[in-house]
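Colleague: Following this message is one structure expressed as structure tokens.
The values are calculated or read from the model by the stated rules, or taken from the named source; none is laboratory data. These figures come from a predicted structure and were not determined experimentally. Cβ placement follows ideal geometry from the backbone for every residue including glycine, while neighbour counts extend to all protein chains displayed. Surface areas here come from the heavy atoms of the whole protein model, side chains and all, with no ligands, DNA or RNA. Shrake-Rupley method; radii C 1.70, N 1.55, O 1.52, S 1.80 Å.
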Amino acid sequence: MQRGRKRKQAHIQPTTKSPKTTVNGDKSTAGYPFPDHPKPTPEECRAVRDDLLTLHGFPKEFIKYRNQRLQIDDRECDDVRESVLDGLVKTILSQNTTELNSDRAFASLKSAFPTWEHVLAAESKCIEDAIRCGGLAPTKSSCIRNLLSCLLEKKGKLCMEYLRELSIDEIKADLSQFKGIGPKTVSCVLMFHLQQDDFPVDTHVFQIAKTMGWVPDVADIKKTYIHLNHRIPAELKFDLNCLLYTHASSSKLDPFAAKKKRMSDKVRNMFYHAYDNYMMYAFPHDELKPLSKTFTNSLSELGNLNLEHLPQEYNGSALTLIESLSSLAILGNHTEFEKAVLWLSENLTFNVDARINLFECNIRVLGGLVSAHILATDSTNRLAEGTYKNELLVLAEELGRRFLPAFDTPTGLPYAWINLKHGVMEDETTETSTSGCGSLILEMGALTHLTGDPRFESAALRALRKLWSMRSSLNLLGTTLDVQTGQWIEYSSGIGAGVDSFYEYLLKAHILFGKEEFWRMFQSAYLAVQKYFRHGPWYHEADMRTGRATYWQLTSLQAFWPGLQVLLGDVAAANSSHREFFHVWQKFGVLPERYLLDHQMLHPTEKYYPLRPELAESTFYLYQATRDPWYLQVGESIVDSLNLHTRVEGGFASVRDVTTMELEDHQHSFFLAETAESNQNELVQCRYKYVQRPLGTADMTISCLRVFVISLMLMMTIDVSLMRIVVSTRPLVDEDRVAWLATVVYGCPYERFVMWS
């Protein structure tokens with residue numbers, strides 16, 4: 001291996017010349033993972049390099065590194081090149097973040113500490129504060145401190161220029177001794193900072209190499225790295241690597257990528273416009289009033305539009321912040337997420353004299369806390385070692401315990417309202433909804449699995465089983481019932497308000513917990529809905545006892561149904577209904593709360609639109625399942641409508657009347673967790689923390705209402721790799737069902753996203 005090589009090439013030009021040397025100057029295949037795989041040949045490498053150079057030009061972000069490699073003599077090179085230690089730390093800071101954020105973090109670190117000796121002598125917290133803008137501050141701080149400490153111990157000084165005199169193999173052996181320095185980091189340092197001819201392989205390069213057939217289908221990233229470094233000529237490695245990375249992440253790979261990026265940026269802007277205004281004018285109160293730029297302490301208002309039970313001394317529980325936690329994490333804002341988690345763990349209490357709606361508080365607060373706990377303890381978002389001690393789970397468990405008195409009824413069906421401090425109040429109403437007692441299993445089941453306390457899941461499951469036992473002979477349920485007697489009050493029901501989340505939770509509980517009991521309930525209920533409620537693309541309401549139609553109306557909450565049908569595999573039916581919902585959206589600019597199908601007119605008193613996310617969520621699922629670009633157009637239309645009609649200087653306001661677009665001074669907390677999320681859907685990861693979002697009601701174990709920003713962003717930002725599946729027009733069953741669920745939601749094997757079975 002040559003050392004200290006001088007590169008005299010002044011420009012990189014496309015060429016068709018044959019390579020001067022064999023691959024890496026060595027034809028031996030001993031010790032390589034795919035000795036019989038003939039690709040890529042030197043000619044193929046050169047052709048791809050030339051084509052990509054013609055297509056893109058040389059990527060601007062890599063020009064400074066190319067210039068370092070092209071210096072004519074060592075003196076000039078010494079003048080411009082950064083130290084090896086600087087380059088290694090930069091590479092560490094670049095992990096799991098953008099180049100802009102990592103550059104900011106490095107500049108902040110150098111500004112705070114004049115020398116590496118100062119960094120080594122500093123406290124961990126000071127280093128973390130300096131690099132926090134780059135994300136994963138505790139992990140990266142620990143890695144940097146360990147690197148400096150070991151380097152000083154080994155070499156007696158904080159300098160790594162000695163690496164310039166070593167061979168590639170010697171450099172790899174040396175750097176691998178430092179804790180936290182992995183093969184990809186070593187490879188990047190070799191290529192970018194030591195000007196060695198190595199070929200890093202990240203996810204982008206790996207995927208495109210497999211697409212071109214340069215590695216076998218069985219190859220993983222590690223073996224791909226070894227194989228490509230053996231096959232690609234040394235003089236092409238730097239140019240080809242930079243160009244492949246650029247090409248893999250460019251719009252040239254996806255004709256809709258530019259549109260997705262533009263819409264992604266729009267939705268990010270929407271989220272932060274809503275979030276920043278909440279933090280400025282309303283935090284730590286519950287919700288923002290965007291027109292007056294004030295706040296409301298609305299926890300007791302949830303589910304109670306008359307506002308008759310507002311506590312006088314209640315000062316808010318940062319409801320919007322709790323609902324925003326998952327969105328912050330998915331948007332990659334680890335700094336703000338960490339600040340929010342720490343604030344909640346130190347300040348949130350539920351020992352308040354406030355009467356709350358069990359259903360709403362469960363899906364928003366309990367779900368938000370459980371979700372945030374999982375995110376805080378996940379390895380990719382973990383808080384600083386020792387600073388997070390499950391405080392959010394402790395809060396969630398406390399809230400869950402305060403819920404339990406609501407289930408103390410002869411039937412096991414919970415009261416709809418409970419006082420957080422005093423329990424069920426005297427003369428409390430015994431009326432509740434099907435959703436109110438049948439949509440608790442996700443959050444409370446997850447809480448049991450996280451804490452080991454069986455009471456939460458047991459209470460929710462008992463209520464669900466009791467409710468299911470009250471179904472009619474047609475497998476239909478009513479809308480409201482009495483928790484003391486177990487008798488129905490309202491026999492008419494549909495798939496909208498008061499019942500909607502019951503169906504969602506059955507299917508998603510099956511997905512999350514893997515229990516066939518939930519699937520059998522859902523399958524029977526779904527077939528009954530299709531038989532008695534469906535009329536063409538629409539769903540009317542019917543009497544649970546006879547199946548006869550009662551009310552012919554569309555309610556905005558029904559828009560979740562196409563998304564649920566996609567998870568089931570009934571895509572044709574989902575597409576049919578979704579198009580009708582979107583037609584109504586186009587007619588009014590947003591989706592009204594209630595639309596009379598038999599008269600083709602708005603309900604005279606329910607003309608409002610409270611920024612609901614359900615249509616955007618269903619749009620995301622349908623795009624995932626079909627890849628039809630029409631759904632991208634729908635997503636864009638939803639985003640543009642929200643910005644046109646509901647965006648104000650102080651946030652996003654609900655629409656009081658869709659005919660006049662008169663606004664209401666209220667930004668619902670779920671807008672940042674659902675509406676913005678369903679538009680966002682930027683990161684589909686089959687880790688449990690994201691099962692929440694893509695699965696729909698919201699958090700999947702978490703807030704049943706937490707999906708808007710994510711769905712639109714996911715749809716706009718990335719093209720999730722899905723298996724090609726021939727979609728039937730009937731619901732899927734058995735192994736077909738689980739394969740479909742795994743594929744349409746994540747593009748991954750089923751067993752990877754069922755956390756508890």
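Colleague: Check Ala463 against each of (1) at pLDDT 95 or above; (2) surrounded by fewer than 24 Cβ atoms within 10 Å (Cβ to Cβ); (3) hydrophobic (A, V, I, L, M, F, W, C) and name the one condition it does not meet.
Modeller: (2)
Colleague: Here's something else I'd like to know. Among the residues of the stretch 614-639, write down those that are touching a residue at least 24 places away in the same chain (Cβ under 8 Å) and surrounded by fewer than 16 Cβ atoms within 10 Å (Cβ to Cβ).
Modeller: Within the stretch 614-639, Arg627, Pro629, Ser637 qualify.
Colleague: Please enumerate the residues belonging to the stretch 221-236 that are in contact with a helix residue (DSSP H, G or I) (Cβ under 8 Å, 6 or more places away or on another chain) and open to solvent by 10 Å² or more (accessible area, probe 1.4 Å). Show your work before the answer.
Modeller: Initially, the stretch 221-236 is screened for residues in contact with a helix residue (DSSP H, G or I) (Cβ under 8 Å, 6 or more places away or on another chain), giving 221-222, 224-225, 228-234, 236.
The answer is Ile221, Lys222, Tyr225, Asn229, His230, Arg231, Ala234.
Colleague: Of (1) modelled with pLDDT under 90; (2) within 14 Å of Phe581 (Cα to Cα); (3) out of contact with any Ser or Thr (no Cβ under 8 Å at 6 or more places or on another chain), Pro613 satisfies all except one. Which?
Modeller: Against the list (1) modelled with pLDDT under 90; (2) within 14 Å of Phe581 (Cα to Cα); (3) out of contact with any Ser or Thr (no Cβ under 8 Å at 6 or more places or on another chain), Pro613 comes up short only on (3).
Colleague: Checking Trp538 against (1) closer than 19 Å to Ala574 by Cα; (2) open to solvent by less than 20 Å² (accessible area, probe 1.4 Å), only one condition comes out false. Which one?
Modeller: (2)
Colleague: Determine, yes or no, whether Asp197 is in a loop (DSSP other than H, G, I, E, B), modelled with pLDDT under 90 and not hydrophobic (A, V, I, L, M, F, W, C). Spell out how you get there, then give the answer.
Modeller: On the way: in a loop (DSSP other than H, G, I, E, B): yes; modelled with pLDDT under 90: yes; not hydrophobic (A, V, I, L, M, F, W, C): yes.
Answer is yes for this residue.
Results for (1) under 27 Å from the mean Cα position of the chain (by Cα); (2) farther than 16 Å from Thr619 by Cβ; (3) not aromatic (Phe, Trp, Tyr), shown as yes or no for each residue.
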position	(1), (2), (3)
Gln553	no, yes, yes
Leu557	yes, no, yes
Phe560	yes, no, no
Phe588	no, yes, no
Pro592	no, yes, yes
Leu602	no, yes, yes
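Colleague: Another question, then. Within the stretch 284-320, track down each residue that is of a type in the set (A, V, I, L, M), at pLDDT 90 or above and open to solvent by 30 Å² or more (accessible area, probe 1.4 Å). Step through it out loud before you land on a result.
Modeller: Taking the stretch 284-320 as the starting set, the residues that turn out to be of a type in the set (A, V, I, L, M) are 288, 291, 299, 302, 305, 307, 310, 318-319.
Those left that are additionally at pLDDT 90 or above: 288, 291, 318-319.
Within the stretch 284-320, just Leu291 meets the criteria.
Colleague: Another question, if that's okay. May I ask you to verify whether Phe192 is in contact (Cβ under 8 Å) with a residue 12 or more places away in the chain, among the hydrophobic types (A, V, I, L, M, F, W, C) and more than 16 Å from Val89 (Cβ to Cβ)? Even if it seems obvious, please write down each step before you answer.
Modeller: On the way: in contact (Cβ under 8 Å) with a residue 12 or more places away in the chain: yes; among the hydrophobic types (A, V, I, L, M, F, W, C): yes; more than 16 Å from Val89 (Cβ to Cβ): no.
It is false that Phe192 is in contact (Cβ under 8 Å) with a residue 12 or more places away in the chain, among the hydrophobic types (A, V, I, L, M, F, W, C) and more than 16 Å from Val89 (Cβ to Cβ).
Colleague: Any idea how many residues of the stretch 93-113 are farther than 14 Å from Ala137 by Cα and touching a helix residue (DSSP H, G or I) at 6+ places or on another chain (Cβ under 6 Å)?
Modeller: The number of residues fulfilling the criteria is 2.
Colleague: So, one more: Answer yes if at least one residue in the stretch 466-488 is buried (at least 22 other Cβ atoms within 10 Å of the Cβ), β-branched (Val, Ile, Thr) and under 18 Å from Ile363 (Cα atoms), and no otherwise.
Modeller: no
Colleague: Yes or no: Ala107 under 35 Å from the mean Cα position of the chain (by Cα), open to solvent by 40 Å² or more (accessible area, probe 1.4 Å) and not charged (D, E, K, R)?
Modeller: Working: under 35 Å from the mean Cα position of the chain (by Cα): yes; open to solvent by 40 Å² or more (accessible area, probe 1.4 Å): yes; not charged (D, E, K, R): yes.
For Ala107, the condition - under 35 Å from the mean Cα position of the chain (by Cα), open to solvent by 40 Å² or more (accessible area, probe 1.4 Å) and not charged (D, E, K, R) - is met.
Colleague: Checking Cys361 against (1) touching a residue at least 60 places away in the same chain (Cβ under 8 Å); (2) within 30 Å of Gln624 (Cα to Cα), which single condition isn't satisfied?
Modeller: (2)
Colleague: Let me ask something additional. Taking interchain pairs and intrachain pairs at least six residues apart, which have beta carbon atoms under 7 angstrom, with the first residue in the stretch 334-354 and farther than 21 Å from Asn419 by Cα and the second open to solvent by 30 Å² or more (accessible area, probe 1.4 Å) and of a type in the set (D, E, K, R)?
Modeller: From residues that are farther than 21 Å from Asn419 by Cα, the pairs are Thr335/Arg132; Ser345/Glu391.
Colleague: Residues in the stretch 38-55 that are more than 10 Å from Leu243 (Cα to Cα) and not in a loop (DSSP other than H, G, I, E, B): how many?
Modeller: So the first thing to find is which residues in the stretch 38-55 are more than 10 Å from Leu243 (Cα to Cα), and the list is 38-47, 54.
Filter again for not in a loop (DSSP other than H, G, I, E, B), leaving 42-47, 54.
Qualifying residue count for the region: 7.
Colleague: Sticking with this structure for a sec: Taking the conditions exactly as written (at pLDDT below 90 and open to solvent by less than 70 Å² (accessible area, probe 1.4 Å)), does Ile92 satisfy them or not? It would help to see each step written out before you state the result.
Modeller: Values: at pLDDT below 90: yes; open to solvent by less than 70 Å² (accessible area, probe 1.4 Å): yes.
For Ile92, the condition - at pLDDT below 90 and open to solvent by less than 70 Å² (accessible area, probe 1.4 Å) - is met.
Colleague: Quickly run through the stretch 493-522 and pick out the residues that are buried (at least 19 other Cβ atoms within 10 Å of the Cβ) and either out of contact with any helix residue (DSSP H, G or I) (no Cβ under 9 Å at 6 or more places or on another chain) or over 15 Å from Leu557 (Cα atoms) (or both).
Modeller: Step one: list which residues in the stretch 493-522 are buried (at least 19 other Cβ atoms within 10 Å of the Cβ), which gives 493-496, 498-513, 518-519, 521-522.
Leu506, Leu507, Lys508, Ala509, His510, Ile511, Leu512, Phe513, Phe518, Trp519, Met521, Phe522, listed by residue number.
Colleague: Sticking with this one: Using the structure shown, decide if Arg268 is assigned to a helix (DSSP H, G or I), crowded, with 21+ Cβ neighbours inside 10 Å and either of a type in the set (Lys, Arg) or at pLDDT 95 or above (or both). Quick ask: steps written out before the conclusion?
Modeller: Numbers: assigned to a helix (DSSP H, G or I): yes; crowded, with 21+ Cβ neighbours inside 10 Å: yes; either of a type in the set (Lys, Arg) or at pLDDT 95 or above (or both): yes.
Yes: the conditions hold for Arg268.
Results for (1) surrounded by fewer than 20 Cβ atoms within 10 Å (Cβ to Cβ); (2) part of a helix (DSSP H, G or I); (3) modelled with pLDDT under 95, shown as yes or no for each residue.
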position: Ala528; (1), (2), (3): yes, yes, no
position: Gly547; (1), (2), (3): yes, no, no
position: Tyr551; (1), (2), (3): yes, no, yes
position: Leu554; (1), (2), (3): no, no, yes
position: Trp561; (1), (2), (3): no, yes, no
position: Gln565; (1), (2), (3): no, yes, yes
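Colleague: Could you please find all residues in the stretch 474-498 being in a loop (DSSP other than H, G, I, E, B) and free of Cβ contacts under 8 Å to residues at least 24 places away in the same chain?
Modeller: We begin by selecting, within the stretch 474-498, every residue in a loop (DSSP other than H, G, I, E, B); these are 474-479, 483-487, 491, 494-498.
Within the stretch 474-498, Gln487 is the sole residue that qualifies.
Colleague: Being among the small types (Gly, Ala, Ser) and either touching a Phe, Trp or Tyr at 6+ places or on another chain (Cβ under 7 Å) or at pLDDT 90 or above (or both) is the filter here; which residues of the stretch 321-354 pass it? Quick ask: steps written out before the conclusion?
Modeller: Restricting attention to the stretch 321-354, the residues satisfying the condition of being among the small types (Gly, Ala, Ser) are 324, 326-327, 329, 332, 340, 345, 354.
Those that are among the small types (Gly, Ala, Ser) and either touching a Phe, Trp or Tyr at 6+ places or on another chain (Cβ under 7 Å) or at pLDDT 90 or above (or both): Ser324, Ser327, Ala329, Ala340, Ala354.
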